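Below you'll find the structure, written out as structure tokens, and then a few comments.
Any read-out appearing in this document is the output of simple, stated calculations on the displayed coordinates, not a laboratory observation. Bear in mind that the values here come from a model prediction, so they are computed numbers and not experimental data. Note that each Cβ is placed from the backbone with ideal geometry, even for glycine, and that neighbours are counted across all protein chains shown.
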Amino acid sequence: MTDKQNGHDNWIRALVFHPSGKYLLSASDDKTIKVWDLQNGRCTKTVDAHDKFVTCMTWGRQAMSGAGGEGKVVNVLATGSVDQSVKVSRVSY
């Protein structure tokens, strides 16, 4: 996972494993989150996460309710930044 072509362009502030164990996510001062496939060590996705440095992230689970979602649980990713915002996103990985 040291391939500079796919790596971050600035300091890495947080690492979390996906609940499935298949992926590792990294958050960086380059304002992105990268999704790493642990089987082959390659970056599979880069997300522009915040307007400023991404400083922390964590996984959670959200119970869905309402039409079509009743009883379903989805993975969510919460990120924080020095832009003073918190973002929570459903993740389909």
Exercise for the section: Counting only C-alpha contacts under 8 Å and six or more residues apart, can you give the relative contact order of the chain as a whole percent? Expected result: 20
Practice task
Set the Förster distance to 30 Å, then compute FRET efficiency between SER89 and ASN6 from the Cβ-Cβ distance, nearest 0.05.
Solution key: 0.90
Fill in the blank from the handout: Charge tally for neighbours of LEU25 with beta carbon under 12 Å away, counting Lys, Arg as +1 and Asp, Glu as -1, is +3
Problem - Cα-projected label distance for PHE17 with ALA78, points at 7 Å along beta-carbon direction, nm - result: 2.1
Handout entry: Rounded D (µm²/s) - region 12-90, Kirkwood Rh over Cα pairs, Stokes-Einstein at 20 °C, 1.002 mPa s
Key = 161
